Structures are given as structure tokens and as C-alpha cells.
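So the structure is just underneath, and the comments pick up after that.
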Amino acid sequence: MGGDWKKHFRFRISDFSHHPRSCKRLVLKSITLLKTIDSELLTNNFLPMTFQLPTLNYDYSALEPSMDAKTMKIHHTKHHQGYVNKANAVLKETEWAEKTTADILSHLEDLPPDIRVATKDNVGGVCNHSFFWNCISPDGGGKPTGELATAITDTFGSFEQFKKQFTAAATGQFGSGWAWLVEKDEKLEIIGTTNQDSPLALGYKRLLALDVWEHAYYLNYQNRRLDYINAFWNVVDWDFVAAQR
Ligand SMILES: [Fe+2]
């Protein structure tokens, strides 16, 4: 999508003269532009330094009962914000400060050794969480449709088999980490990553993420990670997942 949003600027103020209908078009174009930029920032990690905490597209309570408001608020304003703060501190006054999270995570080997691990952990935390918030929605749940549904069936046998394998990956992720549906060379795959490691560093395109750090579920589900994973399926935004391919 990179750069596509610029096409929304291809109009002149004079095009709108004093005609009310033209003014309405200007407003609609502006709204489209803002939505596109917002999507680009959150979805494609076009997050220039300084990193900032993204605004969620829904209220903290909007995903209840699957994900409770208290956990969502602390997860977003404390944990995600913490990664934002540390990522900014680690890369401050370095040449990497102007790069996107995707650029950074795809070239970790080029970072100075003394900041490589802290960058992987904290820029990864920023990037993973920004993506995760978009994978869930109060309008989510159900099943994927269209080409994504076909690809999942072709790869895993059925949607139910896919859910079973993804759930197993998320449940079996040792300690803190993530479960992912990813794509490489037009092939779907389920993987797990440890801590805040990103599939971008492994050359994957991300389609779906599930945060299985305890901070994502402990307040509501205590140690019952499986219950949290089962509830996750109620809020998956399949339209967002399909749009990542
Ligand atoms: Fe998290």
C-alpha cells in the first residue's frame, strides 16, 4: 500500500469552488485519506520515529467478554506504551531512528551489537502489538471467506483443522511469545515466536497474530491460556487478516 494514500491528495481546492456537493466530496476524500493513513501506520508498520502508541479502533470494553476492559487498557497503555518508550530510548540519536519498524526488524543483523537485542525486543514489541490490535475487532469472529478461506482449507485441510493447529501452537508456545499465521512464497504457515521476536525478521508476511504473554490474559483468565485462546476466535477480524495477503 506504500504511497497509495498520496493519490487522495490529487485534487485542488479550486476544484471545490463554492459548490456544496464539491465540499461534501472534499470532506469524504479527507476522511478516506485519514483512514488510509491510519491503516498504513498500523498495518504496514509505517511508523517513523519517534514511535507513538497507536489509538485503538474500539473501546477497551468493546471486546468483552472475550477480552476484558481492564486487561485491554493495561495491555495497551502500560505494556505497549512501555515498548514504545524503550524503543525510542534505545534508538535515540542513531541512524535507525528514522527507519520504520519493518525496516529495522528485517535488518537486525545490521544493527550495532550493543543495541541489537534491546531493539529486537522493544521495536518488536511495538510492531507486534500494533499489528495485534488490528487482528481483533468487536465485529470479528466467525470464519474467513473468499480466497483466504480457500488458502486455509488447501493448506490445513479445513478451517477447523487450522484452528486446531493454531491453538496448539499458541498453547504450546513456551513462556512468553506469539502465535502467527504467516505467508511466504504464497504458502501459509503457522509459527510461534519467542518474547517479542517478529516474523518479519524471518522474511514472513504476517496475516494473524495472537499475543500469548501472560500480560495479555492473566487478569481475566489467570493461568488458563487455553480459555483465552478459545475466546480469541470470537474476535478475530478476518477482513483484516485477508487484507494482509
Ligand atoms: Fe502483549
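The values are calculated or read from the model by the stated rules, or taken from the named source; none is laboratory data. Given the structure is predicted, the values throughout are model-derived calculations rather than measurements. Ideal geometry is used to build each Cβ from the backbone, glycine not excepted, and the neighbour counts take in all protein chains shown.
Tell me, which strands (runs of 3 or more DSSP E) wholly within the range 173-219 include 3 or more residues that are more than 11 Å from the ligand (Cβ to nearest atom) and not aliphatic (A, V, I, L, M)?
177-184, 187-194
Take the conditions in a loop (DSSP other than H, G, I, E, B), in contact with a helix residue (DSSP H, G or I) (Cβ under 6 Å, 6 or more places away or on another chain) and under 22 Å from Asn234 (Cα atoms) and apply them to Ser61. Does it pass? Answer is yes for this residue.
Among (1) modelled with pLDDT of 95 or more; (2) more than 16 Å from the ligand (Cβ to nearest atom), there is one condition Thr100 misses while meeting the rest; what is its number? Condition (1) is where Thr100 drops out. Restricting Ser137, Ser106 to residues that are buried (at least 18 other Cβ atoms within 10 Å of the Cβ) and among the hydroxyl-bearing types (Ser, Thr, Tyr) narrows the list to Ser137. For the range 163-173, the count of residues that are within 24 Å of Val84 (Cβ to Cβ) and at pLDDT 95 or above is at least one.
In the set (1) in contact (Cβ under 8 Å) with a residue 24 or more places away in the chain; (2) in a loop (DSSP other than H, G, I, E, B); (3) surrounded by fewer than 18 Cβ atoms within 10 Å (Cβ to Cβ), the condition left unmet by Met67 is number (3). The set of residues from the range 189-245 being on the phi > 0 side of the Ramachandran plot and either charged (D, E, K, R) or surrounded by 15 or more Cβ atoms within 10 Å (Cβ to Cβ) (or both) comprises just one member, Asn195.
Selection of the range 117-146 for residues being away from the ligand (no atom under 16 Å from the Cβ) and among the hydrophobic types (A, V, I, L, M, F, W, C) yields Val117, Ala118. Checking Ile191, Ile229, Ile152 one by one, the residue that is under 30 Å from Ala87 (Cα atoms) and in contact with a helix residue (DSSP H, G or I) (Cβ under 6 Å, 6 or more places away or on another chain) is Ile229 and no other.
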